[in-house]
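A.B. asks: Here's a structure for you.
The values are calculated or read from the model by the stated rules, or taken from the named source; none is laboratory data. Quick caveat: nothing in here was measured; it's all calculated off a predicted structure. Cβ placement follows ideal geometry from the backbone for every residue including glycine, while neighbour counts extend to all protein chains displayed.
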Amino acid sequence: MVNYDDKRDFYRMMLNSDVSVTIIDDEANSTIFATCRDLSATGMAIEMSHPLELNTNVRVNIESSSATVQPLDVQGKVVRVTEESTDTYLIGINIAEID
């Protein structure tokens, strides 16, 4: 199923949702608030004010605005970090597990 314009295996759903990102590799399990720009079956892109290191293990939680839809809680690894502007970074996360 590689018929999309960007040659991806899964379609990306464009979002603009607030998320909490917990850094699992950090002894304190630091939590950072960010914005999820897009989501697919295997990954997501989040926008935040500072970069994360490549290969950092994270847990990302997207709360639901509806009582009928469960929140999304995933674990993954940082696979891409792009500086878009001063204090704006786009972080690519490969999803390893969905809870």
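A.B. asks: Among (1) in a loop (DSSP other than H, G, I, E, B); (2) modelled with pLDDT of 90 or more; (3) of a type outside the set (Val, Ile, Thr), which single condition is residue 38 missing?
C.D. replies: Failing condition for residue 38: (1).
A.B. asks: While we're here: Sort out which residues of the stretch 43-91 are touching a Leu at 6+ places or on another chain (Cβ under 9 Å), of a type in the set (Gly, Ala, Ser) and not in a strand (DSSP E or B), and write them in order of number.
C.D. replies: Correct list: 64 only.
A.B. asks: I need a count of the residues in the stretch 71-98 that are surrounded by 10 or more Cβ atoms within 10 Å (Cβ to Cβ) and either touching an Asp or Glu at 6+ places or on another chain (Cβ under 6 Å) or free of Cβ contacts under 8 Å to residues at least 12 places away in the same chain (or both).
C.D. replies: Residues in the stretch 71-98 being surrounded by 10 or more Cβ atoms within 10 Å (Cβ to Cβ) and either touching an Asp or Glu at 6+ places or on another chain (Cβ under 6 Å) or free of Cβ contacts under 8 Å to residues at least 12 places away in the same chain (or both): 6 in total.
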